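The values are calculated or read from the model by the stated rules, or taken from the named source; none is laboratory data. This is a predicted model, so every value here is computed, not measured. Cβ atoms come from the backbone with ideal geometry, glycine included; neighbour counts cover every protein chain shown.
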Amino acid sequence: MQVPAPGGATGLDSPLHGGPDAAGVPLHDLSTNANACGPWPAAVQALAALDARHYPDPAYTALVRQLADWHGVAPARIVLAASASEFIQRISVAVRLQAGRAAGVWLPPHAYGDYARAAQAADLARCADPAAAALLWACEPSSPLGQAEPGLAARVAALRPGQTLVLDQAYEPLRLSGAPSLDAAALQRVWRLITPNKALGLTGVRAAYAIAPLHADAALLARLRALAPSWPLGAHGVALLQGWASAPAHDWLAACRDTLRGWKLRQLEWLSRLGWQIEPSDANFFVAACADPASAEGRLDMQTWLCGLRRHGIKLRDCASFGLPGRVRLAVAPPPVQDALLAALEARR
């Protein structure tokens, strides 16, 4: 297992993600945050039956209307995206063009790496003070920790004209405990980024959308649309979002959350018994520090350790790129996968 090399002349690092690697698809992949109960059977059927011989409607008229009706907002507030990462890149560029060379970005201390990579590519300076930033990021439940964003409600209340706050809600459908920090009124003041493929257990289908604030900057919204490529969504992405904006999808998700809570409790209990130090999490994943008796004097060679697990068919997510060295992120997994992880850990003893 190798860490990607820096990105050459640009000075940008290659993106780090979980999931398949040079060794292929892991037998037991706990490195991504997809719904372990998935995939949603109805979505699988819809994807298998769709006709991909033709372009979608370039304006996505029916899809936009369906998403707007589902959320109870005007269609003009829906912005489709090829993926969450594509939207992250696009809004970073749009804010930079809108706010000028002095524009800055504020990031949570531990956050998805694409926020920082997009800011660097767009030449947005990193701000220590949220009040000085043109673009602010939040994710709740957060990644990698699965926790509430400290001070999020206060930051939203303090937003001034010219500031843009994006709330990444990729994991809200997989929230297993806790409550969102923002009430309905506060949500109207922020951009909401929604990525259903994790919740539906179909991360290979790339599709996302954002809901603009109620009183969005019209110039920024127009710039975002102008920066979009033609047909950001293919037929598969359209089908996924159509299925997502339906009662059956969310009825299925409610049942999944009940199952995931039980699986999570089991997983946390036996990891705790092994001496792992586990961070609290409201989501279907959590961060932990491994108690590994095979490491010299308790010091863990993370890459060697992860490679050893990978040889047993287990993949975990190294949290060093999140600013949490020495820790890993684990998705909540079904009991048979938990047992496979336990067996791989026991093999090191």
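For this structure, a couple of remarks:
- Checked against (1) among the acidic types (Asp, Glu); (2) closer than 30 Å to Gln277 by Cα; (3) over 18 Å from the mean Cα position of the chain (by Cα), Asp123 meets all criteria but (2).
- Filter pass, Ala34 being surrounded by 13 or more Cβ atoms within 10 Å (Cβ to Cβ) and part of a loop (DSSP other than H, G, I, E, B): yes
- Qualifying positions in the stretch 149-178 - closer than 18 Å to Arg192 by Cβ, basic (Lys, Arg) and in a loop (DSSP other than H, G, I, E, B): Arg175
- Any hit, the stretch 309-322, residues being assigned by TED's automatic domain parsing to the domain that holds Glu172, in contact (Cβ under 8 Å) with a residue 12 or more places away in the chain, touching a Lys or Arg at 6+ places or on another chain (Cβ under 7 Å) and of a type outside the set (S, T, N, Q): no
- Matching entry among Thr164, Thr195 (being closer than 25 Å to Ala255 by Cβ, β-branched (Val, Ile, Thr) and in the same structural domain as Ser83 (by TED's automatic domain parsing)): Thr195
- Considering Leu233, Leu271, Leu220, Leu200, the condition of being outside the structural domain of Leu80 (by TED's automatic domain parsing), buried (at least 17 other Cβ atoms within 10 Å of the Cβ), in contact (Cβ under 8 Å) with a residue 12 or more places away in the chain and not hydroxyl-bearing (Ser, Thr, Tyr) is satisfied by Leu271 alone.
- Of residues in the stretch 116-174 being touching a strand residue (DSSP E or B) at 6+ places or on another chain (Cβ under 9 Å), touching a residue at least 60 places away in the same chain (Cβ under 8 Å) and more than 30 Å from Cys37 (Cα to Cα), the one surrounded by the fewest Cβ atoms within 10 Å (Cβ to Cβ): Gln120
- Failed criterion for Val64 (all others in (1) over 26 Å from Val287 (Cα atoms); (2) in a strand (DSSP E or B); (3) not polar (S, T, N, Q) hold): (2)
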